[in-house]
Amino acid sequence: MGLSVAEIFDHINRFANQEVILKEEGPDPSISITAYEFSSVMRYLKEVREMDFDTLMSQTAVHIDDTLVMYWHLFSYSHRHKVVIECALPFDDLSIDSVTTLWKSADWLERETFDLFGVDFKGHPDLRRLLLPEDWVGYPLRKDYQTPMLYGGMDNTPSEISQSFKPPKKER
Amino acid sequence: MNLLNQFEPEGFIIGAVDDLLNKARANSLFFMLFGLACCGIEMMQTGGPRGDLDRFGAAPRATPRQSDLMIVAGTVTLKMASRVKLLYEQMPDPKYVISMGSCSNTGGLFQAGYSVLHGVDRVIPVDIYLPGCPPRPEALLSALIDVQKKIKKEKYLRKNTQTS
Ligand code: SF4
């Protein structure tokens, strides 16, 4: 059997120069690394024998307060272990290295994250919108996104009755 | 009434051309195969042996140029809306539209989303609104019969009549 997340954390911690944090709460424990060391840590996870993460299962992001937290779910078929790597990006510099050279499956996953959050993946071969139309304005999964009332000449203001179904806005 | 074998040889029927035309049109409604979301599954079910849409003369067509009825079955996203309009414009007159399910009526349960059109009637004219999420095959059949009723009331050959 493969390594536990704590053991993988030890490996990364020994390899990395900057701060690495193990977050054990929640169903999927995650390892938080800095954007500066991101690509070298990812290469380490892919290429070192004890790690051998050959699969990128998922890549996504969450907008929490004023940072965008990015997630990479990695799995190793040879060792049967998996890990979640996270990396927080500030909103004034939303860019990170692309991992398409390490995992081919990152291609569309990164395009989707670009589409919905506007993250610039440096080194991505073809960074275009994946799901939304090309002429879409804005990044819908950011918390401050305003739904457009007009798109391509189509009036999309919600009808009066639909407003009454909506729950009242929560105080934050 | 079954008219088969009821006539003398060389017999004939007298009727209004309008009626004849309407009967023919109402009973050969070719609809466009147009499933956009889960309602599309229910539309396929309606075409299956239990619903059997074909017994009303309605047959699915894969191209808008051969169809007279568009069943908008499912969630119309903003990206799809312009395509829906284009497909509608490619259909030859007279044409009819059934908006099937809450999603295409009003946006349904996705109407708070950023990508969903609040009702397909914002881009194309709709003849029959069919509520439900999803509507049962029986409901779609009744919507089809409503379209047939509407067609039978029309006087398509007269001047200054509305066609759709
Ligand atoms: S109305 Fe319901 S069943 Fe139909 S497309 Fe919308 S969600 Fe799906």
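The values are calculated or read from the model by the stated rules, or taken from the named source; none is laboratory data. Everything quoted here is computed from the prediction, not taken from an experiment. Cβ sites come from the backbone with ideal geometry, for glycine too, and all protein chains shown count toward neighbours. These accessible areas exclude ligands, DNA and RNA; they are computed on the full protein's heavy atoms, side chains included. Shrake-Rupley method; radii C 1.70, N 1.55, O 1.52, S 1.80 Å.
Quick check on B:Asn27: is it over 26 Å from B:Arg136 (Cα atoms) and more than 16 Å from the ligand (Cβ to nearest atom)? No, not satisfied.
Results for (1) more than 20 Å from A:Met57 (Cα to Cα); (2) open to solvent by 70 Å² or more (accessible area, probe 1.4 Å); (3) at pLDDT below 90; (4) out of contact with any helix residue (DSSP H, G or I) (no Cβ under 6 Å at 6 or more places or on another chain), shown as yes or no for each residue.
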| site | (1), (2), (3), (4) |
| --- | --- |
| A:Trp108 | no, yes, no, yes |
| A:Phe117 | no, no, no, yes |
| A:Pro133 | yes, no, yes, no |
| A:Trp136 | yes, no, yes, yes |
| A:Pro148 | yes, no, yes, yes |
| A:Tyr151 | yes, no, yes, no |
| A:Thr157 | yes, no, yes, yes |
| A:Gln163 | yes, yes, yes, yes |
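Looking at the range A:80-93, is at least one residue more than 15 Å from the chain's Cα centre (by Cα) and open to solvent by less than 90 Å² (accessible area, probe 1.4 Å)? Yes - at least one qualifying residue is present in the range A:80-93.
Restricting attention to the range A:14-27, report how many residues are open to solvent by less than 70 Å² (accessible area, probe 1.4 Å) and within 17 Å of A:Arg43 (Cβ to Cβ). Residues that pass the stated criteria total 2. If you take the residues in the range B:84-137 that are of a type in the set (A, V, I, L, M, F, W, C) and more than 25 Å from B:Thr63 (Cβ to Cβ), which one is nearest to the ligand (Cβ to nearest atom)? For the range B:84-137, the residue satisfying everything is B:Cys133. Under the condition of being open to solvent by 40 Å² or more (accessible area, probe 1.4 Å) and either over 17 Å from B:Gly40 (Cα atoms) or not in a loop (DSSP other than H, G, I, E, B) (or both), the residues counted in the range B:119-142 number 6.
Would you pick out the residues in the range B:67-83 that are open to solvent by 10 Å² or more (accessible area, probe 1.4 Å) and within 16 Å of the ligand (Cβ to nearest atom)?
Initially, the range B:67-83 is screened for residues open to solvent by 10 Å² or more (accessible area, probe 1.4 Å), giving B:68, B:75, B:77, B:79-80, B:82-83.
The answer is B:Thr75, B:Thr77, B:Lys79, B:Met80.
State whether the residues of the range B:86-105 include one that is touching a strand residue (DSSP E or B) at 6+ places or on another chain (Cβ under 9 Å) and surrounded by fewer than 18 Cβ atoms within 10 Å (Cβ to Cβ). No, every residue in the range B:86-105 fails to be touching a strand residue (DSSP E or B) at 6+ places or on another chain (Cβ under 9 Å) and surrounded by fewer than 18 Cβ atoms within 10 Å (Cβ to Cβ). Of all residues in the range B:25-82, exactly one satisfies the criterion of being closer than 13 Å to B:Leu141 by Cα, over 15 Å from the mean Cα position of the chain (by Cα) and assigned to a helix (DSSP H, G or I), namely B:Gln45. Of the residues in the range B:59-66, not one is crowded, with 23+ Cβ neighbours inside 10 Å, more than 16 Å from the ligand (Cβ to nearest atom) and in contact (Cβ under 8 Å) with a residue 24 or more places away in the chain. If you filter the range A:130-159 down to residues that are within 22 Å of the chain's Cα centre (by Cα) and acidic (Asp, Glu), you find that the one that is farthest from the other protein chains (Cβ to nearest Cβ) is A:Asp144.
Residues in the range A:5-20 that are part of a helix (DSSP H, G or I) and either of a type in the set (Asp, Glu) or in contact with a strand residue (DSSP E or B) (Cβ under 9 Å, 6 or more places away or on another chain) (or both): A:Val5, A:Ala6, A:Glu7, A:Ile8, A:Phe9, A:Asp10, A:Ile12, A:Asn13. B:Asp146 falls short on exactly one of the conditions (1) away from the ligand (no atom under 16 Å from the Cβ); (2) open to solvent by 60 Å² or more (accessible area, probe 1.4 Å); (3) under 23 Å from A:Met149 (Cα atoms); (4) touching a residue at least 12 places away in the same chain (Cβ under 8 Å), and that condition is (3). Among the conditions (1) more than 16 Å from the ligand (Cβ to nearest atom); (2) surrounded by 16 or more Cβ atoms within 10 Å (Cβ to Cβ), B:Pro49 misses just one, which is (2).
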